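Enquirer: Okay, here's the structure, questions in a sec.
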Amino acid sequence: NVPARKKFLKSDKAEAGTITATVEKIALSKPNVSFRYIVDGETKFVTGGDGELSNAIYAILGRDFAKKTIKVERNEGGIKVEGYISTPELVRANRNLESFYINSRFVKSKTASAAIEQAYVSFIPSDKFPFCVLNIEIDPTQVDVNVHPTKMEVRFSNQNSVYRMIAQNISEFLAAQEMIPEAVLDEKEKKEEAKPEKIEAPEPFEKTRIQ
């Protein structure tokens with residue numbers, strides 16, 4: 001009476017996190033479709049379905065996150081790469097924010113991960129990883145999906161070409177950006193900055209009464 005796979009389930013929180021990550025990946029792969037994601041009656045995000053990937057990123061990850069992204073698009077050698085990458089200030093301690101799609105299908109690719117990380121070598125610490133949502137359009141016959149039973153991990157028949165395409169072009173996009181972070185003051189800091197410098201008056205001399 002108990003499903004065999006039930007014993008492999010983790011805690012409710014862990015399973016909810018896995019579901020959330022899955023829905024986010026799917027929503028980012030289909031910006032032309034509106035997604036509404038609800039957990040325990042609470043709406044987590046709603047994407048507009050207007051076809052703009054930047055708006056889907058905004059809806060899922062927030063305004064501050066979306067502001068630190070760079071649009072990339074390049075087509076050469078029968079391979080087209082397009083999507084968004086992060087500025088060097090938007091990094092994480094793991095690869096959870098790296099999202100790769102082959103012809104709009106979410107996949108895991110060691111080649112793509114290695115290429116994006118190589119592109120950031122000169123821009124971020126070696127123990128940090130960037131954010132990216134990259135769709136790689138390529139001839140399906142050049143992709144082997146039988147690497148893993150889940151069909152999630154893929155291998156390219158022209159690994160070197162895909163690696164160079166991503167690493168070189170992403171590196172060029174990063175180099176072309178203004179990489180000096182902008183210092184933004186909050187309202188309190190702005191008011192403090194605008195106040196004239198207060199000069200304290202010297203202590204008055206103590207009057208001495210001579211008898």
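The values are calculated or read from the model by the stated rules, or taken from the named source; none is laboratory data. In this text the structure is predicted, and so the values were computed from the model without any measurement. Counting neighbours? That spans all protein chains shown, and the Cβs are built from the backbone with ideal geometry, glycine included. Note: areas computed on protein heavy atoms with side chains; ligands, DNA, RNA excluded. Shrake-Rupley method; radii C 1.70, N 1.55, O 1.52, S 1.80 Å.
Enquirer: Mind checking which strands (runs of 3 or more DSSP E) fall wholly inside the range 68-158 and carry at least 2 residues that are open to solvent by 40 Å² or more (accessible area, probe 1.4 Å)?
Expert: The qualifying strands (runs of 3 or more DSSP E) are 69-76, 79-86, 105-107.
Enquirer: Among the residues of the range 62-70, are any within 28 Å of residue 145 (Cα to Cα) and either among the acidic types (Asp, Glu) or touching a Ser or Thr at 6+ places or on another chain (Cβ under 9 Å) (or both)?
Expert: No, every residue in the range 62-70 fails to be within 28 Å of residue 145 (Cα to Cα) and either among the acidic types (Asp, Glu) or touching a Ser or Thr at 6+ places or on another chain (Cβ under 9 Å) (or both).
Enquirer: OK, next. Would you mind telling me which numbered condition in (1) closer than 23 Å to residue 116 by Cα; (2) open to solvent by 80 Å² or more (accessible area, probe 1.4 Å); (3) at pLDDT below 95; (4) not small (Gly, Ala, Ser) residue 30 fails?
Expert: (3)
Enquirer: Identify, from the list 89, 98, 76, the residue that is in contact (Cβ under 8 Å) with a residue 60 or more places away in the chain, of a type in the set (Asp, Glu) and touching a helix residue (DSSP H, G or I) at 6+ places or on another chain (Cβ under 8 Å).
Expert: The unique qualifying residue is 76.
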